[in-house]
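Data first, discussion second: the structure below is written as C-alpha cells.
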Amino acid sequence: MEMSQYLEVFIEESKEHLQTVNDSLLKLEKSPEDLTIVSEIFRAAHTLKGMSATMNYQDLANLTHKMENVLDLIRNSKIQVDSDLLDIIFDAVDDLEAMVGDIATGGQGARDVQQVVVKLERIEEGEAPAKVQHEQIALKSKEETTSEISNELNLDEFQRTVLMESAEQGFTNYEITVSLTKDCMLKGARVYMVFEVLEQIGEVAQSAPTVDQLEEENFDLQFKVLLLSTHDEEDIQARILKVSEVDSVVIKKVTADDYVSTTETGSLATSPYKDDSKDESKQQPDDKERIAVAVKEKIESPEESKTQESPQKAAQSKTIRVNIDRLDVLMNLFEELVIDRGRLEQISTDLNHSELQETVERMSRISGDLQSIILNMRMVPVEQVFNRFPRMVRQLARDLNKKVNLVVEGAETELDRTVIDEIGDPLVHLIRNSLDHGIETPESRVAKGKPEEGNLKLQAYHSGNHVFIEISDDGGGINRDKVLQKAINNGLVTNEQASGLSDQQVFDYIMSSGFSTADEISDVSGRGVGLDVVKNTIESLGGSITIDSVPDKGSTFSIQLPLTLSIISVMLVEVQQEKYAVPLSSIIETAIVKKEDIMHAHNKQVIDFRGNVVPLVSLEDVFEVPREVDKGDYYSIVIIRKGDKMAGLVVDSFIGQQEVVLKSLGNYLQNVFAISGATILGDGQVALIIDSNALIK
C-alpha cells in the first residue's frame, strides 16, 4: 500500500508525541506519585505505537509497546518511579527519536535497540531498575533471537475490521503455513518468491514473522501468511508449490473471530526488537482512505477518544500543516510585491495624480496587512528550541554531579522560522557554560549558605521589534579579576587599559576566540571554543548579546534578536550621490549638528550627545564614496547603538523611513565590511543596507 503521502504527517505527529513523552517524564521525576502524568505519557506512547504500526514501522511500534508495558506497571503502582527507571525509559525515548529521525531522512527506522528492550523486559519481569541499569547485560546472538521469533499471527482491531469487511467485497481470508525444505540455502530468497506469487493473486494482510524478519532470515523453516484473495485453495497451493525448496503448504479459511485482538490483550511476539503483531504492509486498496483518516486523527484508541472534548476537535480542524518551502516561496513573491509597491508609490508621487495616489495608498494598506499575515505564518514559538533543553540539563547536571532546577518562561514567544533554525546551537553553548562554570557543586553552595540545588532560568519575551532570550543562573558569577588577567595574558588588553574598563567590557572578553578561564579541559568545556561562535552567530542574525554578572549571585546572558530577517524597516540616507539604508532597530535618533560643535578625543571626532561622548563615523570615508558636493556647515548624524555602546553615522541628508526587502549580495560579495545586504528602491536604484554593529567598536 502506498503510504508516502501520509509520511510527512506521521513524522511531525511522532515528533510531537515524543516531545510530550520527554516533557512529561521530566515532570514525573519531580512528582513521582502523580499518576496523571503517567497516564499522559501512556496516551502519547500508545498513539505513537498505533501510528507506527499503521505505517508499517515495526521496530518503532514494538519498542514503544515495550516501553508502554513498563509505563503500565507504573500506572498500576506495581513499580516505583526513580532515577534509574527513568534513565532506562529516557534511553528508549532516545532510540525512538533516532528511529523517527532515520525515517525523516528516508530510512526505515531500523536501529539496534536490543540493549534497551532487554532492560525494559527485565523490569517488566520484576527486577529492580537499579540492578538492571547498572548491571552488564549480555545480549543474545542472532541465532538465539531467531529461536524466539513467533510464528503466530496476532491482529489488532484495525486488521480484524479489514478481515470482516473483505468478505463483503468478495474476498476469502486464508491463513497459509509455508514450510521450506531442511536443506534450503537461501531462505530469504524463497520467502521473496512466495510473496511474489501471493501478491499476484491477492493482498497479503499479515505475516508471522514480520516481512523484515523474513528478509533477514530471522526464522526457522516455517512462516505464516494471512492472504485476502478471490482464488480457491487448490490454485493457491499449486502456485506456491511451484517455488523451489518449498516442502509443504497448508491452507485454511479464517475469519476475524479466529484471532485475538492485540489491542485487547496487549500480546506481542516475543522478539526483543521486532513487533510481529502488526505487519500492515499490504492492505486492501479500498482501505486507503480509512488509513489516511486514522493517521490524521493520530490512530486514537476508543479510551483516548473519550478523553477528547469536542472543542479540541474543532480547534484541530482549523489547523493545517504547510511545508516551510511553500512559505519561503510565498515570502519571496511578497518581497517582489514590496519592491513594486515602493515603485508605484514613487510614480504616484512624481505624477501627482489624486486617483492614482488613492489607489496606491489603498494597495499599500492591503499589502501591509498581507505582509503581517505572511510574517505571522512564518512565526513559530521558541518552544521548538526550548523543548530540547530540559533533557539536556537533567543529563548534564547528573554528569557534573550537580543539582539544578531549570525554569522555562515565555516558551510561547514567537520568532521567524529562519531565526529559530539558527538560535538553537548558541543557546546550547550558553546553557552548558552556565551549568559547568556558573552553578556550583551542592557542597560548595551549602558552604556559601545557598540551597544545594542551583537555579537555571531560560526566558524569552517580546520588546518592540525584537525578541529577548535570557539565560540566568544563581551560581558563582564571573570572576572579573580572573577574566581580566587572562585577557592581559592573551594580549587582548594592556595593564594601562585594563584599569579603565567597565564590568561589561571585561565580561565581553569571555566571548573572544580561544578564550577560556577553565583550569582544566573537560568533556563540557575548557577549550575556549563556544562563546565566540555564539557571539558570531547572534550578530550574523542581526542580534546582540550582553552579559551581566554579580559575584556569588549569578550571571545573566541576554540575547537580542530581530523578529524577522527578510523585510525590515530602515532609514534611507544619502552620502554624496549614493543611497544607504540603516536598520531602524539600531537607530536611537537623528540629529543635525554644526561643524563647530565637533570635538576631538583620542584622534577621533566626537560629539556630546545628551551627556554622552559619542564617536562619529563618516560613511563617506568608510565606503570611500567619491566627493562631489561639499557638506556645508552642518553634519547630518544618525545615532546608532549596539548594547551600551553608541556611534554617530555622518551622512549628507535623510531621505526617510521605508520598509525594504533585505537581499543577499551573493557568493561573490561575501564578508563585505559593514554591509549586510542590499535592497531595490521604488525608483529602481539599489541601496546597500548597513551593518550597524560592525561600525561600533
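The values are calculated or read from the model by the stated rules, or taken from the named source; none is laboratory data. In this text the structure is predicted, and so the values were computed from the model without any measurement. Every residue, glycine among them, receives a Cβ derived from its backbone with ideal geometry; neighbour counts consider all protein chains shown. For accessibility, only protein heavy atoms count, side chains too; no ligands or nucleic acids. Shrake-Rupley method; radii C 1.70, N 1.55, O 1.52, S 1.80 Å.
Run the 1.4 Å probe and let me know the accessible area of residue 197, rounded to the nearest 10 Å².
That residue has around 30 Å² of solvent-accessible surface.
Given the protein chains as shown and a 1.4 Å probe, how many square angstrom of residue 553 are accessible, to the nearest 10?
In the full protein context, residue 553 sits at about 150 Å².
Top to bottom by accessible area (1.4 Å), largest first, where do 571, 377 land? It would help to have the intermediate numbers written out before the result.
On the way: 571 30, 377 90 Å².
Order by accessible area, largest first: 377, 571.
Work the Kirkwood hydrodynamic radius out for segment 605-656: mean of 1/r over every pair of different alpha-carbon atoms, inverted, in Å. Write out the running numbers ahead of the final one.
Values: mean 1/r = 0.0828 Å⁻¹.
Answer for segment 605-656: a Kirkwood hydrodynamic radius of 12.1 Å.
Here are some pairs, 486/663; 482/535; 15/403; 27/66; 119/253; 131/457; which of them have Cα atoms lying more than 30 Å apart in this structure?
On the way: 486/663 41 Å; 482/535 21 Å; 15/403 28 Å; 27/66 21 Å; 119/253 40 Å; 131/457 34 Å.
Result: 486/663; 119/253; 131/457 exceed 30 Å.
Using alpha-carbon positions, what is the distance between the centroids of segment 163-184 and segment 607-675, in Å?
That distance is 79 Å.
Starting from the residue with the highest accessible area, list 349, 210 in decreasing order, probe 1.4 Å.
Largest to smallest exposure gives the sequence 349, 210.
Give, in nm to one decimal, the length gained when the segment between residue 152 and residue 495 is fully stretched (0.36 nm per residue of separation minus the Cα-Cα distance).
On the way: separation 343, 0.36 × 343 = 123.48 nm, distance 8.03 nm.
Between residue 152 and residue 495, full extension yields 115.4 nm more.
So if each residue of separation counts as 0.36 nm, and I subtract the Cα-Cα distance between residue 665 and residue 503, what length gain in nm does that give?
Working it through step by step, the gained length comes to 54.6 nm.
What FRET efficiency do you get for residue 533 and residue 161 if R0 is 60 Å and r is their Cβ-Cβ distance, rounded to the nearest 0.05? Kindly include the intermediate steps, with their values, before the conclusion.
Numbers: r = 54 Å, r/R0 = 0.91.
The formula returns an efficiency of 0.65 here.
Taking the highest mean first, how do the peptides 334-343, 619-628 order by number of other beta carbon atoms within 10 angstrom per residue?
On the way: 334-343: 17.5, 619-628: 13.0.
Peptide ranking by packing, descending: 334-343, 619-628.
What's the carbon and sulfur percent of segment 417-472's accessible surface, probe 1.4 angstrom, rounded to a whole number?
On the way: 1020 of 2410 Å².
Heavy-atom surface of segment 417-472 belonging to carbon and sulfur, 1.4 Å probe: 42 percent.
Can you give the accessible area of residue 330, probe radius 1.4 Å, in Å² rounded to 10?
That residue has around 60 Å² of solvent-accessible surface.
From the phi angles alone, apply the Karplus equation (6.51, -1.76, 1.60; θ = phi - 60°) to segment 191-200 and give each ³J(HN,Hα) in whole Hz, x where the residue is Gly or Pro.
4, 4, 5, 5, 5, 4, 5, 5, 6, 6
Which residues in segment 44-85 have a backbone N closer than 15 Å to a point placed 7 Å from the Cα of residue 33 along the Cα-to-Cβ line?
Residues passing the 15 Å test: 77, 80-82.
Just the number, please: carbon plus sulfur as a percent of the accessible area of segment 583-697, 1.4 Å probe, no ligands or DNA/RNA counted. Could you put the intermediate results ahead of the total?
Values: 3160 of 6770 Å².
Ligands and nucleic acids excluded, carbon and sulfur reach 47 percent.
How far apart, in nanometres, would the label points at residue 357 and residue 177 be if each is projected 7 angstrom from Cα along the Cα-to-Cβ direction?
9.2 nm
From the protein chains alone at 1.4 Å, what is the descending order of accessible area for 111, 432, largest first?
Working: 111 105, 432 65 Å².
From most accessible down to least: 111, 432.
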